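The values are calculated or read from the model by the stated rules, or taken from the named source; none is laboratory data. Computed from a predicted model, the values in this text were never measured in an experiment. Here Cβ is always computed from backbone atoms with ideal geometry, including for glycine, and neighbour counts include all displayed protein chains.
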Amino acid sequence: MEKILVGLKRVVDYNVRVRVKNDGSGVETDGVKMSINPFDEIALEEALRIKERGEASEVIVISMGSQDAQQQLRTGLAMGADRAILVETPESVDPLSRARVLLSIIERESPDLVLLGKQAIDDDNNQMGQMLAALWSRPQATFASNITFQNGAATVTREVDAGLETIEVDLPAVITTDLRLNEPRYVKLPDIMKAKKKPLDTVAVADLGIDGAPAISETAFAPPAQREKGIMVDDVASLVAALKDKGLI
Amino acid sequence: MANVLLVAEHDGDTLNPSTAKCARCAADIDGAELHVVVFAADPSAVAEQAAALDGVTKVVTIAHAVHAHALAAAIAPQLVELAADYDYVLGPSTTFGKDLMPRVAALLGVNQISDIMSVEAPMVFKRPIYAGNAIVTVEAPAGSKVVATVRTASYRAVGSENAAATIESVEPAAEIPGHTRFVELQTGASDRPDLQTAARVVSGGRALASSENFDIIYKLADTMGAGVGASRAAVDAGYVPNEMQVGQTGKIIAPDLYLAIGISGAIQHLTGIKDAGTIVAINKDEEAPIFEVADIGLVGDLFSVVPELTEALS
């Protein structure tokens, strides 16, 4: 295939313990480390491996947001993507509008495959890939743990509640990645230097002529309910006694 | 009056308990009439089970050979056609619903509300974000259709004593695309209780150190009649298959009793168990974060504690 398009979302780093602001207006993101959404990193790794196997010729990374998202796109370029597109948007864009933006980029670039993470670890929505596939009238293969290609189709193993499901989808298609698809590579310093010379185009969202979708408003944020502190027992006999006390065994 | 259309999850023969949990959520929407839709090759058995769910007034069935396996691409266009008559379209926040519902929402031109944990008002809901580190209150735009998935761990199943629901077969005109084809489903066939609905669950973590060592977890679980789960670390290490993963990106569960064995308790794991009735943690590291959420904690070497516990319970 010719092109693979990979979405990279800038999110609060996986290791940061997110806290709700005291006034309930949102979560604390000032001064917090930002990274590529881990599932998107897996998507990019897979695209690079497909290209390295000679099954694709170009990997394009795309992100939406402020100029800050350039950082994540540069990391993507350092991992090995060929070029990057930043769609500059007001800070918060709802998933359906984001899918519409991606679709308009797809119409320009005509990729054979779009690889996205199955969910972003900030909003945990798990929607983008499915929405994009719907708007594009193309197949979706979500939660992928293995991907192979033959005769213009992809065979995708999916991590589903019952086990592993395999489906076949005609290309072009949208595939969203699960955790065990691969282990992303580490970026080496010379690659970071090389990435600075790779093309990164910025497109203003206003120039794409997208109709914004009616957004779902977020009216309040709260920390989760805390469980009460429990008891410690010294041995198995006390554990069994405690469980009996609660009527659990 | 509001109308709710709930998409049934099933395996062809049996209705998945997620549907009865979503029905409980639907009942929280004021004055809503609840219909369930069953897509299947032969929906008859599943339709009868759905019709028995308390609160359901009608079951709509769509019989088509392609629906022998749930493919979002095949179900979505037909579901969108049916959705015209409804204010709410709900599905479970399982891999089935997560795959299907956003495709439906996009075709209907609305954003989706993922993982409803409570209904605050007809258009206002609460849902978890950041692996459950924050709970956000969201409001759907006035006058728009609500497409949502329901976090099943937040709801108890409704009863199944209902005799009043009717069953009606329909044939949507929407074309089913041929671009997506089912190949196979590999399930780790097991006689143990299903992880997502079991009243008791025993989970093992990285400290088990091998697939063979997981036997002590299975033995304990079998003694207790429990389902078996695992942390992401144990699944990544290949000790157990993926469908046993509990946590942010695996299964979200709410058993009456949860035993976390050799699991340190990363936030991504805790988000999958925080609705459990009683959490028991067994870990040799007394500093492990799992003890912060455990109702009963035991510091000790799992390789001696677990066999001893199994012995004590048999």
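Below, the figures for the structure above:
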item	result
Tally of residues being within 13 Å of chain B (Cβ to nearest Cβ), crowded, with 20+ Cβ neighbours inside 10 Å and in a loop (DSSP other than H, G, I, E, B) across segment A:19-58	1
Identity of the residue in segment B:188-207, at pLDDT 95 or above and more than 11 Å from chain A (Cβ to nearest Cβ), that ends up farthest from the chain's Cα centre (by Cα)	B:Ala207
Output for segment B:45-95, where each listed residue is within 17 Å of B:Ala2 (Cβ to Cβ) and in contact with a Cys (Cβ under 6 Å, 6 or more places away or on another chain)	B:Leu90
Residue tally, condition in contact with a Ser or Thr (Cβ under 8 Å, 6 or more places away or on another chain) and of a type outside the set (A, V, I, L, M, F, W, C), over segment A:183-210	1
Hey, A:Val169 under 21 Å from the mean Cα position of the chain (by Cα), at the interface with chain B (Cβ under 7 Å from one of its Cβ atoms) and closer than 30 Å to B:Thr95 by Cβ or not	yes
Unique match (being assigned to a loop (DSSP other than H, G, I, E, B), more than 19 Å from the chain's Cα centre (by Cα) and surrounded by 15 or more Cβ atoms within 10 Å (Cβ to Cβ)) among B:Ser160, B:Ser144, B:Ser210	B:Ser144
Subset tally (residues that are in contact with a strand residue (DSSP E or B) (Cβ under 7 Å, 6 or more places away or on another chain) and within 14 Å of chain B (Cβ to nearest Cβ)) for segment A:79-94	1
Single match in A:Gly129, A:Gly76 (criterion: more than 10 Å from every other protein chain (Cβ to nearest Cβ), at pLDDT 95 or above and under 15 Å from the mean Cα position of the chain (by Cα))	A:Gly76
Hits in segment B:33-44 - residues which are crowded, with 20+ Cβ neighbours inside 10 Å and under 15 Å from B:Asn3 (Cβ atoms)	B:Leu34, B:His35, B:Val36, B:Val37
Qualifying residue in segment B:171-191 (condition: surrounded by 21 or more Cβ atoms within 10 Å (Cβ to Cβ), free of Cβ contacts under 8 Å to residues at least 40 places away in the same chain and assigned to a strand (DSSP E or B))	no
Matching residues, segment A:201-249, being within 30 Å of the chain's Cα centre (by Cα), hydrophobic (A, V, I, L, M, F, W, C) and surrounded by 16 or more Cβ atoms within 10 Å (Cβ to Cβ)	A:Val203, A:Val205, A:Leu208, A:Ile210, A:Ala213, A:Ala215, A:Ile216, A:Ala220, A:Phe221
When residues of segment B:15-32 are limited to those that are in a loop (DSSP other than H, G, I, E, B), surrounded by fewer than 19 Cβ atoms within 10 Å (Cβ to Cβ) and at negative phi, the one farthest from the chain's Cα centre (by Cα)	B:Asp30
Residue within segment B:296-303 that is at negative phi, touching a residue at least 24 places away in the same chain (Cβ under 8 Å) and β-branched (Val, Ile, Thr) present	no
Counted residues, segment B:102-127 - those being more than 18 Å from A:Asp123 (Cβ to Cβ), over 18 Å from the mean Cα position of the chain (by Cα) and in a strand (DSSP E or B)	2
Sole residue being touching a strand residue (DSSP E or B) at 6+ places or on another chain (Cβ under 8 Å), at the interface with chain B (Cβ under 10 Å from one of its Cβ atoms) and not basic (Lys, Arg), chosen from A:Asp123, A:Asp112	A:Asp123
Residues of segment A:52-68 classified as out of contact with any helix residue (DSSP H, G or I) (no Cβ under 8 Å at 6 or more places or on another chain) and more than 18 Å from A:Met128 (Cα to Cα), total	7
Matching residues in segment B:46-77 - criterion: being part of a helix (DSSP H, G or I), surrounded by fewer than 18 Cβ atoms within 10 Å (Cβ to Cβ) and touching a residue at least 40 places away in the same chain (Cβ under 8 Å)	B:Glu48, B:Ala68
Segments classed as helices (runs of 4 or more DSSP H), wholly inside segment A:67-166, with at least 2 members that are crowded, with 19+ Cβ neighbours inside 10 Å and among the β-branched types (Val, Ile, Thr)	A:95-109
Only one of A:Pro199, A:Pro223 that is more than 7 Å from every other protein chain (Cβ to nearest Cβ) and either in contact (Cβ under 8 Å) with a residue 40 or more places away in the chain or touching a His at 6+ places or on another chain (Cβ under 7 Å) (or both)	A:Pro199
